[in-house]
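Let me begin by presenting the structure, written as C-alpha coordinates, before commenting on it.
The values are calculated or read from the model by the stated rules, or taken from the named source; none is laboratory data. Computed from a predicted structure; not experimentally measured. Positions of Cβ are backbone-derived with ideal geometry, glycine not excepted, and every protein chain shown enters the neighbour counts. Please note that ligands, DNA and RNA were not included when accessible areas were found on the heavy atoms of the full protein model with its side chains. Shrake-Rupley method; radii C 1.70, N 1.55, O 1.52, S 1.80 Å.
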Amino acid sequence: MFELFAFGDTGWGDEILRGLAVTVQLAIATLPLGLALGFVVAVASMSRLRALRFIGFGYSTVMRGLPEILTLFVVYNGVGLLLNIVMKKLNPEAPPSDFSPFAAGVIALGMVFGAFAAEVLRGAFQSLDRGQIEAGRAVGMTEGKIFRRIKLPQVWRFALPGLGNLWINMLKDTALVSVIALDDLMRMTKVAVGVTKQPFSFYLAACLLYWAMCVFSEVVLARMERHANRGVRRAS
(Lines give C-alpha, C1' and ligand atoms only; values in the text may rest on other atoms or scores of the structure.)
Protein backbone atom coordinates (compact mmCIF):
# COMPACT_ATOMS: atom_id res chain seq x y z
CA MET A 1 0.00 0.00 0.00
CA PHE A 2 2.83 2.40 0.80
CA GLU A 3 4.04 2.18 -2.78
CA LEU A 4 0.85 4.02 -3.81
CA PHE A 5 2.04 7.13 -1.95
CA ALA A 6 5.62 7.10 -3.22
CA PHE A 7 6.99 10.21 -4.91
CA GLY A 8 7.88 10.43 -8.55
CA ASP A 9 6.53 8.25 -11.34
CA THR A 10 6.00 5.23 -9.09
CA GLY A 11 3.37 6.70 -6.79
CA TRP A 12 0.88 9.47 -6.08
CA GLY A 13 2.55 11.16 -3.13
CA ASP A 14 3.59 14.30 -4.98
CA GLU A 15 0.16 14.71 -6.62
CA ILE A 16 -1.59 14.36 -3.26
CA LEU A 17 0.71 16.92 -1.66
CA ARG A 18 0.15 19.36 -4.53
CA GLY A 19 -3.58 18.96 -4.00
CA LEU A 20 -3.12 19.57 -0.28
CA ALA A 21 -1.18 22.76 -1.05
CA VAL A 22 -4.01 24.00 -3.30
CA THR A 23 -6.55 23.29 -0.55
CA VAL A 24 -4.54 25.27 2.00
CA GLN A 25 -4.02 28.15 -0.44
CA LEU A 26 -7.73 28.23 -1.22
CA ALA A 27 -8.70 28.37 2.46
CA ILE A 28 -6.12 31.06 3.30
CA ALA A 29 -7.18 33.18 0.31
CA THR A 30 -10.85 32.86 1.27
CA LEU A 31 -10.44 33.86 4.92
CA PRO A 32 -9.73 37.61 4.53
CA LEU A 33 -12.48 37.97 1.93
CA GLY A 34 -14.99 36.18 4.16
CA LEU A 35 -14.00 38.18 7.26
CA ALA A 36 -14.19 41.51 5.44
CA LEU A 37 -17.56 40.64 3.92
CA GLY A 38 -18.87 39.37 7.25
CA PHE A 39 -17.79 42.57 9.00
CA VAL A 40 -19.48 44.78 6.40
CA VAL A 41 -22.70 42.74 6.53
CA ALA A 42 -22.70 42.74 10.34
CA VAL A 43 -22.30 46.51 10.48
CA ALA A 44 -25.01 46.95 7.84
CA SER A 45 -27.44 44.74 9.79
CA MET A 46 -26.97 46.94 12.88
CA SER A 47 -27.24 50.23 11.01
CA ARG A 48 -29.82 52.85 11.94
CA LEU A 49 -30.77 53.02 8.27
CA ARG A 50 -33.57 50.63 7.41
CA ALA A 51 -32.24 50.06 3.88
CA LEU A 52 -28.84 48.94 5.16
CA ARG A 53 -30.43 46.67 7.76
CA PHE A 54 -32.57 45.11 5.04
CA ILE A 55 -29.51 44.50 2.85
CA GLY A 56 -27.49 43.07 5.73
CA PHE A 57 -30.18 40.71 7.02
CA GLY A 58 -31.26 39.83 3.48
CA TYR A 59 -27.78 38.83 2.38
CA SER A 60 -27.13 36.81 5.51
CA THR A 61 -30.48 35.02 5.31
CA VAL A 62 -30.22 34.16 1.61
CA MET A 63 -26.62 32.97 1.68
CA ARG A 64 -27.09 30.86 4.80
CA GLY A 65 -30.12 29.23 3.21
CA LEU A 66 -28.37 28.13 0.00
CA PRO A 67 -26.32 24.93 -0.33
CA GLU A 68 -22.63 25.77 -0.65
CA ILE A 69 -22.25 23.71 -3.81
CA LEU A 70 -25.11 25.60 -5.47
CA THR A 71 -23.42 28.91 -4.63
CA LEU A 72 -20.23 27.53 -6.15
CA PHE A 73 -21.97 26.56 -9.39
CA VAL A 74 -23.72 29.93 -9.66
CA VAL A 75 -20.47 31.86 -9.15
CA TYR A 76 -18.39 29.67 -11.46
CA ASN A 77 -20.87 29.68 -14.32
CA GLY A 78 -22.48 33.07 -13.73
CA VAL A 79 -19.30 35.11 -13.35
CA GLY A 80 -17.71 33.30 -16.27
CA LEU A 81 -20.73 34.07 -18.45
CA LEU A 82 -20.73 37.72 -17.35
CA LEU A 83 -17.02 38.09 -18.13
CA ASN A 84 -17.51 36.65 -21.61
CA ILE A 85 -20.41 39.04 -22.26
CA VAL A 86 -18.31 42.02 -21.19
CA MET A 87 -15.37 40.86 -23.28
CA LYS A 88 -17.62 40.45 -26.32
CA LYS A 89 -18.90 43.98 -25.83
CA LEU A 90 -15.37 45.34 -25.66
CA ASN A 91 -13.98 43.13 -28.39
CA PRO A 92 -16.44 41.17 -30.57
CA GLU A 93 -13.61 39.01 -31.89
CA ALA A 94 -12.36 37.98 -28.44
CA PRO A 95 -12.44 34.18 -27.93
CA PRO A 96 -14.49 32.83 -25.03
CA SER A 97 -12.50 32.26 -21.85
CA ASP A 98 -13.09 30.11 -18.79
CA PHE A 99 -13.38 31.63 -15.33
CA SER A 100 -10.62 30.49 -12.98
CA PRO A 101 -11.85 27.63 -10.74
CA PHE A 102 -9.58 28.91 -7.95
CA ALA A 103 -11.07 32.41 -8.14
CA ALA A 104 -14.58 30.94 -8.26
CA GLY A 105 -13.84 28.86 -5.18
CA VAL A 106 -12.49 31.86 -3.26
CA ILE A 107 -15.50 34.02 -4.16
CA ALA A 108 -18.13 31.35 -3.46
CA LEU A 109 -16.63 30.15 -0.19
CA GLY A 110 -15.97 33.75 0.85
CA MET A 111 -19.60 34.66 0.25
CA VAL A 112 -20.79 31.75 2.38
CA PHE A 113 -18.21 32.35 5.10
CA GLY A 114 -19.11 36.04 5.17
CA ALA A 115 -22.80 35.33 5.71
CA PHE A 116 -22.16 33.10 8.72
CA ALA A 117 -19.38 35.34 10.04
CA ALA A 118 -21.77 38.30 9.94
CA GLU A 119 -24.06 36.58 12.43
CA VAL A 120 -21.13 35.72 14.71
CA LEU A 121 -19.83 39.29 14.59
CA ARG A 122 -23.28 40.78 15.10
CA GLY A 123 -23.72 38.66 18.20
CA ALA A 124 -20.30 39.76 19.45
CA PHE A 125 -21.19 43.43 18.95
CA GLN A 126 -24.42 42.92 20.87
CA SER A 127 -22.50 41.27 23.74
CA LEU A 128 -20.46 44.40 24.44
CA ASP A 129 -20.85 46.09 27.80
CA ARG A 130 -22.86 49.25 27.13
CA GLY A 131 -21.41 50.83 30.24
CA GLN A 132 -17.92 50.89 28.73
CA ILE A 133 -19.23 52.59 25.61
CA GLU A 134 -21.06 55.21 27.67
CA ALA A 135 -17.91 55.74 29.74
CA GLY A 136 -15.94 56.34 26.56
CA ARG A 137 -18.44 58.96 25.45
CA ALA A 138 -18.37 60.56 28.90
CA VAL A 139 -14.61 61.17 28.69
CA GLY A 140 -14.98 62.76 25.26
CA MET A 141 -13.95 59.90 22.98
CA THR A 142 -15.22 60.10 19.44
CA GLU A 143 -17.25 57.27 17.94
CA GLY A 144 -14.21 56.29 15.89
CA LYS A 145 -12.01 56.00 18.98
CA ILE A 146 -14.72 54.11 20.84
CA PHE A 147 -14.91 51.65 17.96
CA ARG A 148 -11.11 51.18 17.72
CA ARG A 149 -10.27 51.13 21.42
CA ILE A 150 -13.34 49.64 23.08
CA LYS A 151 -15.52 47.79 20.61
CA LEU A 152 -13.10 46.17 18.19
CA PRO A 153 -10.75 44.47 20.71
CA GLN A 154 -13.67 42.97 22.61
CA VAL A 155 -15.62 41.99 19.49
CA TRP A 156 -12.58 40.02 18.34
CA ARG A 157 -12.43 38.22 21.70
CA PHE A 158 -16.14 37.40 21.74
CA ALA A 159 -16.26 36.34 18.08
CA LEU A 160 -13.08 34.26 17.94
CA PRO A 161 -14.61 30.92 19.06
CA GLY A 162 -17.43 31.19 16.51
CA LEU A 163 -15.12 32.33 13.74
CA GLY A 164 -12.81 29.45 14.57
CA ASN A 165 -15.65 26.99 14.04
CA LEU A 166 -16.45 28.64 10.72
CA TRP A 167 -12.80 28.29 9.67
CA ILE A 168 -12.88 24.56 10.43
CA ASN A 169 -16.07 24.18 8.41
CA MET A 170 -14.58 26.14 5.52
CA LEU A 171 -11.51 23.89 5.48
CA LYS A 172 -13.80 20.93 4.91
CA ASP A 173 -15.98 22.80 2.41
CA THR A 174 -12.96 23.37 0.18
CA ALA A 175 -13.51 19.79 -1.00
CA LEU A 176 -16.51 21.08 -2.97
CA VAL A 177 -14.29 22.89 -5.47
CA SER A 178 -13.21 19.53 -6.88
CA VAL A 179 -16.46 19.50 -8.88
CA ILE A 180 -15.31 22.51 -10.94
CA ALA A 181 -12.00 20.88 -11.89
CA LEU A 182 -9.72 22.61 -9.38
CA ASP A 183 -6.83 20.27 -8.54
CA ASP A 184 -7.31 20.38 -4.79
CA LEU A 185 -6.79 17.51 -2.35
CA MET A 186 -10.19 15.96 -3.04
CA ARG A 187 -9.86 16.07 -6.82
CA MET A 188 -6.35 14.60 -6.82
CA THR A 189 -7.61 11.86 -4.53
CA LYS A 190 -10.42 11.07 -6.97
CA VAL A 191 -7.96 10.98 -9.87
CA ALA A 192 -5.68 8.61 -7.97
CA VAL A 193 -8.64 6.36 -7.12
CA GLY A 194 -9.73 6.30 -10.76
CA VAL A 195 -6.30 5.23 -11.96
CA THR A 196 -5.31 2.79 -9.23
CA LYS A 197 -8.75 1.38 -8.29
CA GLN A 198 -7.72 1.66 -4.63
CA PRO A 199 -10.48 3.82 -3.13
CA PHE A 200 -10.04 2.82 0.51
CA SER A 201 -6.33 3.68 0.67
CA PHE A 202 -6.61 7.08 -0.96
CA TYR A 203 -9.84 8.20 0.68
CA LEU A 204 -8.43 7.16 4.06
CA ALA A 205 -5.30 9.22 3.34
CA ALA A 206 -7.49 12.20 2.39
CA CYS A 207 -9.44 11.80 5.63
CA LEU A 208 -6.22 11.85 7.64
CA LEU A 209 -4.96 14.95 5.85
CA TYR A 210 -8.21 16.87 6.39
CA TRP A 211 -8.22 15.72 10.01
CA ALA A 212 -4.61 16.87 10.46
CA MET A 213 -5.44 20.31 9.07
CA CYS A 214 -8.39 20.63 11.44
CA VAL A 215 -6.36 19.53 14.47
CA PHE A 216 -3.57 21.97 13.61
CA SER A 217 -6.15 24.73 13.21
CA GLU A 218 -7.71 23.92 16.58
CA VAL A 219 -4.32 24.15 18.28
CA VAL A 220 -3.64 27.55 16.68
CA LEU A 221 -7.14 28.79 17.50
CA ALA A 222 -6.79 27.70 21.14
CA ARG A 223 -3.60 29.73 21.45
CA MET A 224 -5.27 32.72 19.80
CA GLU A 225 -8.15 32.50 22.26
CA ARG A 226 -5.77 32.37 25.23
CA HIS A 227 -3.93 35.40 23.88
CA ALA A 228 -7.18 37.30 23.24
CA ASN A 229 -8.43 36.55 26.76
CA ARG A 230 -5.22 37.47 28.56
CA GLY A 231 -5.87 39.71 31.52
CA VAL A 232 -9.60 38.97 31.53
CA ARG A 233 -10.87 38.14 35.00
CA ARG A 234 -13.12 35.11 35.06
CA ALA A 235 -16.03 34.82 37.42
CA SER A 236 -15.46 32.28 40.17
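Only one residue in 162, 123, 110 is in contact (Cβ under 8 Å) with a residue 12 or more places away in the chain, under 21 Å from residue 60 (Cα atoms) and either part of a loop (DSSP other than H, G, I, E, B) or out of contact with any helix residue (DSSP H, G or I) (no Cβ under 7 Å at 6 or more places or on another chain) (or both). Which one?
Result: 123 is the single residue among 162, 123, 110 that is in contact (Cβ under 8 Å) with a residue 12 or more places away in the chain, under 21 Å from residue 60 (Cα atoms) and either part of a loop (DSSP other than H, G, I, E, B) or out of contact with any helix residue (DSSP H, G or I) (no Cβ under 7 Å at 6 or more places or on another chain) (or both).
For the range 1-27, give me each residue that is open to solvent by 100 Å² or more (accessible area, probe 1.4 Å), hydrophobic (A, V, I, L, M, F, W, C) and either without any contact (Cβ under 8 Å) to a residue 12 or more places away in the chain or touching a strand residue (DSSP E or B) at 6+ places or on another chain (Cβ under 7 Å) (or both).
Across the range 1-27, the qualifying residues are 2, 7.
Please determine, by comparing only the residues of the range 196-214 that are more than 23 Å from the chain's Cα centre (by Cα) and free of Cβ contacts under 8 Å to residues at least 12 places away in the same chain, which one is surrounded by the fewest Cβ atoms within 10 Å (Cβ to Cβ).
Step by step, filter the range 196-214, then rank; the result is 197.
Within the range 12-20, is even one residue part of a loop (DSSP other than H, G, I, E, B) and closer than 21 Å to residue 187 by Cα?
The answer is yes; a qualifying residue exists.
Could you look through the range 75-90, keep only residues that are in contact (Cβ under 8 Å) with a residue 24 or more places away in the chain and closer than 17 Å to residue 112 by Cα, and pick out the one that is farthest from the chain's Cα centre (by Cα)?
Checked the range 75-90; the qualifying residue farthest from the chain's Cα centre (by Cα) is 79.
If I ask for residues that are modelled with pLDDT of 85 or more, in contact with a helix residue (DSSP H, G or I) (Cβ under 8 Å, 6 or more places away or on another chain) and open to solvent by 50 Å² or more (accessible area, probe 1.4 Å), which ones from the range 80-107 would you list?
102, 107
Considering the range 55-72 alone, what residues qualify as being over 17 Å from residue 117 (Cα atoms) and surrounded by fewer than 16 Cβ atoms within 10 Å (Cβ to Cβ)?
Selection gives 69, 70.
Let me spell it out: the conditions are (1) modelled with pLDDT of 85 or more; (2) basic (Lys, Arg); (3) over 20 Å from the mean Cα position of the chain (by Cα), and residue 64 meets all of them except one. Which number is the exception?
Status for residue 64: all satisfied but (3).
For the range 28-44, name all the residues that are closer than 12 Å to residue 115 by Cα, open to solvent by less than 60 Å² (accessible area, probe 1.4 Å) and within 8 Å of the chain's Cα centre (by Cα).
Selection gives 34, 35.
Take the range 135-159 and flag every residue that is part of a helix (DSSP H, G or I), of a type outside the set (S, T, N, Q) and open to solvent by less than 70 Å² (accessible area, probe 1.4 Å).
Across the range 135-159, the qualifying residues are 135, 136, 144, 146, 147, 150, 151, 153, 155, 157, 159.
Would you be able to tell me the number of residues in the range 165-208 that are over 22 Å from residue 106 (Cα atoms) and outside any helix (DSSP H, G or I)?
Total meeting the criteria: 2.
Pairs needed: first member in the range 28-51, of a type in the set (Ser, Thr, Tyr); second member anywhere, surrounded by fewer than 19 Cβ atoms within 10 Å (Cβ to Cβ); C-beta distance under 8 Å; at least 6 residues apart or different chains.
Qualifying pairs under 8 Å: 45/52; 45/53; 45/57; 47/53.
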